[in-house]
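First up is the structure itself, then whatever we jot down about it.
The values are calculated or read from the model by the stated rules, or taken from the named source; none is laboratory data. Please read these numbers as outputs of a predicted model, since none were measured by experiment. Every residue, glycine as well, gets a Cβ built from its backbone with ideal geometry; the counts of neighbours run over all protein chains shown.
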């Protein structure tokens, strides 16, 4: 491997172990240390990894560790929630040598319908709440999200989530309810298991909601959103199951005609076409 090749995961791991003192992780200092922070073999031992495995990660010779390895590294390095999110982003963990989940694609007719829908934000969610495609108005509405490819990431992990979802608690509870349903319907699907593990490590709010008893009755969706370019919007989500692709749903969020939210969407549509 080219020694000059970018290795952001290795750089992250080196920086984080350099910040930890042995006494912070319960290690007794036996002799004078030549390097700041923890040694590679110490991090490996704390994470339950072989030294060789850990060295390959730091050197960039292994780019995509398993989900369990990432969990172990996050614990060993005493990462806070923001650092855990960054570790997951850099590592892009895999679940091991399993057959990959089937790729979700959006049908041509659904794409045509989506793009013809110009007066309301609309997008297609996959089985694990991955955002598979958006129309231009939804792209504009969600433009401030860094982790915008999955609705659960947007709610629980993205810094923009708390500001965008004005009724955050309602939105979060509804999203967790949907994830529980997905886990029941496809308990061995890699993407579902991956999401649950990732969110459990990255968000204390998710851990709290996931541990709660499942509520009875109808689940209320949040309907108030905020975009800094146009202000607050009241949008009722209409959900259409896509029968040609089981598990996919088309979500449209129209505003009441003549309302301030309709005016805000009209303004947002002009912002979305500006160069």
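For the subset of the range 144-170 comprising residues that are at pLDDT 90 or above and under 18 Å from residue 124 (Cβ atoms), which member is surrounded by the fewest Cβ atoms within 10 Å (Cβ to Cβ)? The residue in question is 145. Of all residues in the range 230-268, those being in contact with a strand residue (DSSP E or B) (Cβ under 7 Å, 6 or more places away or on another chain) and part of a strand (DSSP E or B) number 11. Across the range 114-128, the qualifying residues are those that are in contact with a strand residue (DSSP E or B) (Cβ under 6 Å, 6 or more places away or on another chain) and assigned to a loop (DSSP other than H, G, I, E, B), and the one among them that is modelled with the lowest pLDDT is 126. Within the range 208-227, the residues that satisfy the criterion of being assigned to a loop (DSSP other than H, G, I, E, B) and at negative phi are 212, 213, 214, 215, 216, 218, 219, 220, 221, 222, 223. One residue alone among 62, 58 is in a helix (DSSP H, G or I), surrounded by 15 or more Cβ atoms within 10 Å (Cβ to Cβ) and either touching a helix residue (DSSP H, G or I) at 6+ places or on another chain (Cβ under 8 Å) or at pLDDT 80 or above (or both), and that residue is 58. The helices (runs of 4 or more DSSP H) found wholly in the range 142-205 and carrying at least 1 residues that are touching a residue at least 40 places away in the same chain (Cβ under 8 Å) and out of contact with any strand residue (DSSP E or B) (no Cβ under 7 Å at 6 or more places or on another chain) occupy 151-156, 168-185, 190-202. None of 111, 87, 73 is outside any loop (DSSP other than H, G, I, E, B), surrounded by fewer than 17 Cβ atoms within 10 Å (Cβ to Cβ) and modelled with pLDDT of 80 or more except 111.
Matching residues to (1) over 18 Å from residue 116 (Cα atoms); (2) touching a residue at least 24 places away in the same chain (Cβ under 8 Å):
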| position | (1), (2) |
| --- | --- |
| 220 | yes, yes |
| 230 | yes, yes |
| 236 | yes, no |
| 243 | yes, no |
| 250 | no, yes |
| 253 | no, yes |
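A single member of 182, 244, 223, 200 is surrounded by 14 or more Cβ atoms within 10 Å (Cβ to Cβ) and over 28 Å from residue 89 (Cβ atoms), and it is 223.
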